[in-house]
Amino acid sequence: MLTEALEDISVASSKVTDLPVIHIGMATCGLASGARPLLELIRKEVEKRQLNLRIIPTGCIGMCHNEPLVDVTMPGRYRVSYRNVKAMTLTQIFDAHFSKNDFAKKYATCQIPVEGAEPYEGLTLMADLPFFKGQVKIVTKRCGMIDPLSIADYVAMDGYKALRKVLTSMTPEQVVDEVTKSGLRGRGGGGFPTGLKWALTQKSPGPEKYVVCNADEGDPGAFMDRSVLEGDPHAVLEGMIIAAFAVGHAKQGYIYCRAEYPLAIKHLRKAIDDARAHNFLGENILGTDMSFDIEIKEGAGAYVCGEETALLASLMGERGMPWPKPPFPAQKGVWGKPSVINNVETLGNIGHILLNGGEWYASYGSEKTKGTKTFALTGSVKNSGLIEVPAGTPLREIIFSIGGGMVEKKIPFKAAQLGGPSGGCIPVDGLDTPVDFENVVAAGAIMGSGGIVVMDEAACIVDTAKFFLKFTQDESCGECTPCRVGSKIMLDILTRITDGKGQEGDLDELVRLSMYVKSNSLCGLGGAAPNPVLSTIRYFREEYEAHIRDKRCPGTVCNELIKYVVIEEDCTTCGLCEPVCPSGSVTWEKGEVAHIDLTTCIRCKACVDACKFRAII
Amino acid sequence: MAETKHVEVDLEDIEKICEEFENREGAVVQVLQKVQEKYGYVPGEALELVGEVLEIPKSKMYGVLTFYSQFYQEPRGKFILKVCVGTACHVRGAGLLVDKVREELHIEPGENTEDMLFTLEPVACLGSCALAPMAMVSGTAYGKLSADKMVSLIRQLEEETVHEEETV
Ligand SMILES: Cc1cc2nc3c(=O)[nH]c(=O)nc-3n(C[C@H](O)[C@H](O)[C@H](O)COP(=O)(O)O)c2cc1C
Ligand code: SF4
Ligand code: SF4
Ligand code: SF4
Ligand code: FES
């Protein structure tokens, strides 16, 4: 019974491999880059050429900056990957593969090995591209490789194998032991050992228990969980089912997903339906006496609901206010019953760990942070996207090898913001920090859920700190005064500074308030809200002082402090800047250096962008 | 901001939605989400009816409604321009996009245009930061935007509406 269900599906999926396959990235990043009209074009092209092939929409492979991505796999050959595909390139790709039995050399990015198939000559392997070289893909292994809407694809790549192993040959205690051995720590930001959390829930008395998946991913600049949910939804389900077994036969699971992720929710719905149809969910799962089902709950736009106790309150239809711990969710969670609550990525790792063993997982990573971690690499970095690296990989390698360095070659690196609104900035000197839970904290930030925003010299540190504080201030639930009022006063001071009205003593006041807010807030939101301010004052005190004393913004971001001037030596007197100025502030005569009238200039930056010689700064 | 007309709420519809969730008190957030899906916002009348059906006191209903930023008590435009102002988008000039929409449509964040076609809604992060700056309209994501592209998107949506009206 057990094996039959699995075999049925794998047969279905292996049948199609003798047809050519076209994969197209249709995650949110692909769609935002025009994957949908491109898919139409592909369909037309297939029809026109009367081809018999399979088109598979996939999730995100991580190269978001190169979307739309299209892969072509001919029978018996490696899979060829094309990036930034446009209508024009498409015809040439089709010509090459379907008329000339070749690949389109001009546009191909790399090739991906297919078991038993033959490689193409003169095309780099994906694993050798700088972007992929330092990466180790465990939780994102299937993302971008399979059709997330096909349970058969999932099963063909070892899906639900771990669940079968667990249900047929392991006790809940053994499962918990294996997870403990793996050293896996919560990927939602807190880093609590997952094995220990499960053991605590297991030991909590009572027959009624719950498993909750935290898919709220509220940190701005983070999209790791979205990629996993969209690209490999069954992996999250499998992790939850195994968790349900491990904590002592939980019957009901919830996925709390933020409403900004409509595609993730759609993929999860389909995955749950298919899992039910194949008896991976529901009554007597795979013929055993275990029963478990999963319901999706959509968030309604409150960042604090990512905090576990607030999430539970929201799940039960209350205002999403955090409650003081203890009691911990492992003791009293949903409906007052013991509940295990884990992040998407944490759960996504579970199947891999149980299939390959805890020791295998622990062989990756650093001393105290085992395994891999996904990061959303964004900002002024060349290759922005989703990456997965062994914990402890130096920040420099992430940004300069995998990320390919700065997007504008001439503007150097200034800082990397890690951990979003609860994190901090790491400056040039900290580039060799190994990125794991402990080392990043020592450097003044947090690894958090995995957002890395790279900033170059054109960014303003004070503005960034203000940005995060404004975010937490907006999202404070208002329960504790220090968080609600303290952050407001801090924001006022920062706003004053960026408006050019900063005073001596402002920095000391900020530090004092930070300490007060940190130690007097109930939940992690308030407790970590001052971090972005503290870490930037620590490393970029001069930049704050430039704002306060010299009324100058070195990054030229703070509007009130910007003074655009024409550098005489660089001005070629071309006149391009004059007509673009909406306020008539640029004066220029033929053969003369342009001039900007700062009293009328509205700092729109149009002249700066118009000048091809970087003569206006 | 334009004066807005409120819709008429049908008790039967509300009951039907509540029934979908077996009239469970704990499902109130989801019920309100369904109500908003149906009417585009949560009309005051609907809020009261839901409270009656689920037997939840009025004060608690309001408490829940006002806590979550995604519930609206006023009607909203046909197209919600969700402009991302998250970290990555902020660093890549999301502010300029918001300013452009304000300028083009003469609305402030949270407001509707007079013809009820557009609502400007800055949001925290749409999860496609690699393509910053981002915006999302009616579930469709648009990446690598510029102020100009934002304007053409608005024009395109306007045109589509005109077409629809002509063909009706
Ligand atoms: C303000 C705040 C926001 C949080 N947001 C999230 C979130 O969006 N996603 C998440 O998985 N964890 C979030 N957490 C952490 C959760 O409280 C919790 O630690 C986590 O879901 C536990 O799962 P894990 O052990 O698998 O990481 C947040 C915590 C705080 C204090
Ligand atoms: S610290 Fe802030 S967000 Fe957390 S409970 Fe207190 S007021 Fe609410
Ligand atoms: S566009 Fe640049 S080079 Fe040309 S006149 Fe203006 S400042 Fe000088
Ligand atoms: S920044 Fe804008 S307003 Fe100021 S001079 Fe340049 S174009 Fe004119
Ligand atoms: S910050 Fe804009 S999509 Fe994430």
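The values are calculated or read from the model by the stated rules, or taken from the named source; none is laboratory data. Keep in mind the model is a prediction, meaning the values are calculated, not measured. Counting neighbours? That spans all protein chains shown, and the Cβs are built from the backbone with ideal geometry, glycine included. Quick note on the areas: whole protein, heavy atoms, side chains included, nothing else; ligands and nucleic acids left out. Shrake-Rupley method; radii C 1.70, N 1.55, O 1.52, S 1.80 Å.
Odds and ends about this structure:
- For the chain pair A and B, buried accessible area totals roughly 3300 Å², probe 1.4 Å, rounded to the nearest 100.
- The HN-Hα couplings worked out from phi for segment A:175-180 by the Karplus form 6.51 cos²θ - 1.76 cosθ + 1.60 (θ = phi - 60°) are 5, 4, 4, 5, 5, 4 Hz, whole numbers, x standing for Gly and Pro.
- Taking the DSSP bridge list for segment A:372-459 and keeping only pairs wholly inside it, about 80 percent are antiparallel.
- Within 10 Å of each Cβ in B:149-159, the average number of Cβ atoms from other chains: 0
- Segment A:350-395 versus segment A:460-492: alpha-carbon centroid distance in Å: 31
- Estimated distance in nm for a label pair at residue B:66 and residue A:429, the labels positioned 7 Å out from Cα along Cα-to-Cβ: 4.8
- Residue A:297 long-range amide H proximity, modeled H, under 5 Å: A:255, A:256, A:257
- For segment B:79-167, DSSP calls about 50 percent of its internal beta bridges antiparallel.
- Global form of the protein assembly as shown, assessed from the alpha-carbon gyration tensor, a/c cut-off 1.5: rounded
- Probe 1.4 Å - accessible area at residue A:325, Å² to nearest ten: 80
- Amide proton proximity set for residue A:341, modelled H, under 5 Å, gap of 5+: A:212
- Three-way shape call for segment A:246-309 based on the alpha-carbon gyration tensor, with the a/c threshold at 1.5: oblate
- A helix-only calculation puts the protein assembly as shown at -11000 deg cm²/dmol for mean residue ellipticity at 222 nm, using -39500 (n - 2.57) for each DSSP H run of at least four residues, averaged over all residues.
- Cα centroid of segment A:132-175 to Cα centroid of segment A:79-125, whole Å: 28
- For segment A:546-617, the square roots of the Cα gyration tensor eigenvalues, ordered a ≥ b ≥ c, give a/c of at least 1.5 with a/b greater than b/c, which places it in the prolate category.
- Exceedance of the 26 Å cut-off in Cα-Cα distance is limited, within the set A:470/B:144; A:590/B:100; A:106/A:373; A:266/A:488, to A:590/B:100; A:106/A:373; A:266/A:488.
- At R0 = 35 Å, FRET efficiency that the Cβ-Cβ distance of residue A:289 and residue B:55 yields, to 0.05: 0.40
- In order through segment A:579-586: 3J(HN,Hα) via Karplus (6.51 cos²θ - 1.76 cosθ + 1.60), integer Hz, x for Gly, Pro: x, 7, 6, x, 10, x, 8, 9
- For residue A:55, nonlocal amide neighbours, meaning residues 5 or more places apart or on other chains whose placed amide H falls under 5 Å from its own, are A:22.
- Inter-label distance, nm, simple model (7 Å from Cα along the C-beta direction), residue B:157/residue A:192: 4.1
- Shielding by partners for peptide B:78-91, expressed as the average number of C-beta atoms from other protein chains within 10 Å of each residue's C-beta, is 6.
- Cα→Cβ-extended label distance, 7 Å offset, between residue A:100 and residue A:602, nm: 5.2
- Shielding value for A:445-452 is 1, the average number of Cβ atoms from other chains within 10 Å of each residue's Cβ.
- Accessible surface computed residue by residue for the protein assembly as shown, with neighbouring protein chains in place and a 1.4 Å probe, gives 41 Å² per residue.
- Carbon/sulfur fraction of accessible area - the protein assembly as shown, other protein chains in place, 1.4 Å, %: 51
- Unsatisfied cross-links (Cα-Cα over 22 Å) in the set A:297/A:368; A:551/A:605; A:270/B:16; B:34/B:78: A:297/A:368; A:270/B:16
- Packing rank of A:583-594, A:534-545, where each peptide gets the mean count of other beta carbons within 10 Å, highest leading: A:534-545, A:583-594
- Pairwise centroid distance, computed over Cα atoms, of segment A:522-571 with segment A:290-333, Å: 37
- The string of couplings for segment A:214-231 from the Karplus curve (6.51, -1.76, 1.60, θ = phi - 60°) is 8, 10, 8, 4, x, 4, x, x, 10, 8, 5, 5, 4, 4, 5, 4, 6, x Hz, one whole number per residue in order, with x for Gly and Pro.
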